[in-house]
Structures are given as structure tokens and as C-alpha cells.
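A quick write-up on the structure given underneath.
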Amino acid sequence: MMTFGFCSQIWVPLFTFPTVQAPRFPHGYPAVVVFEVAMWSILMFGVWYMARWKLRNPDVESITATATDQSSSQGESLDEKDEKDESAPSTPVETQAVLALVSTREIRR
């Protein structure tokens, strides 16, 4: 990916900042400003899109973490939480959350 980027962009400074126009580059400085604004806009769009995508497609870990928080707030002591194995769902709430997530993903396919 970096090689492709370097190959496609290595010629840009040759045309936007020719040495015969130094120290004033009438085409170079406006081009840099446009590229910076474009890169910032693409970055902000990506951040917005990923936040939106994560809200619509929660992962299994976040669902089981939410289910674990709910089950622990229902009266589980700290000693019981330390002895639990974190690798598999251990409460019915966690199991239901995982099954619901898997079934909704299967329906979408």
C-alpha cells in the first residue's frame, strides 16, 4: 500500500514546486491547502462512518460485557466474579445475548 502511494504521489512535488519559481510557488501552496482539506475531510468521514457502523453492528464482546455488567449488578459478590472463567458465557443472560447476536447475523445473510 505504501509503495502504491509513493509511486502515485512522488511526481507531485516536481510539478507543484518547480525550483525555477522559488521562493514563491503560485501553484504549490494552493495545491497543498486543497490536499490538506481533502485529507482532513476524508479522515472525519471515516471517523463518523466507523462510529455509525459500530453502533449498527455490535460485536460479541461488547454484548457479553453488557450482559456481564447487568448480571453482576443483580447481587453477585466480588469473590464469585474473581472465580469465574471469562472465556465462555457463564450466565443465562450472556448466553441469550450471544445467541441473539448470532441469529440476527444469520438472518442478515
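List pairs: first residue in region 23-41 and farther than 17 Å from residue 9 by Cα, second residue among the hydrophobic types (A, V, I, L, M, F, W, C) anywhere in the structure, Cβ distance under 6 angstrom, at least six positions apart or on different chains. From region 23-41, the pairs are 25/17.
Can you spot a residue in region 45-63 that is modelled with pLDDT of 80 or more and among the small types (Gly, Ala, Ser)? Within region 45-63, one or more residues are modelled with pLDDT of 80 or more and among the small types (Gly, Ala, Ser).
Tell me, yes or no, whether region 9-17 has at least one residue that is open to solvent by 100 Å² or more (accessible area, probe 1.4 Å), modelled with pLDDT of 85 or more and out of contact with any Leu (no Cβ under 8 Å at 6 or more places or on another chain). The answer is no, given that none of the residues of region 9-17 is open to solvent by 100 Å² or more (accessible area, probe 1.4 Å), modelled with pLDDT of 85 or more and out of contact with any Leu (no Cβ under 8 Å at 6 or more places or on another chain).
The values are calculated or read from the model by the stated rules, or taken from the named source; none is laboratory data. A quick note: this is a predicted structure, and the numbers were derived from the prediction, not measured. As a convention, Cβ positions derive from the backbone with ideal geometry for all residues, glycine included, and neighbour counts pool all protein chains shown. In case anyone asks, the SASA skips ligands and DNA or RNA and just uses the protein heavy atoms, side chains included. Shrake-Rupley method; radii C 1.70, N 1.55, O 1.52, S 1.80 Å.
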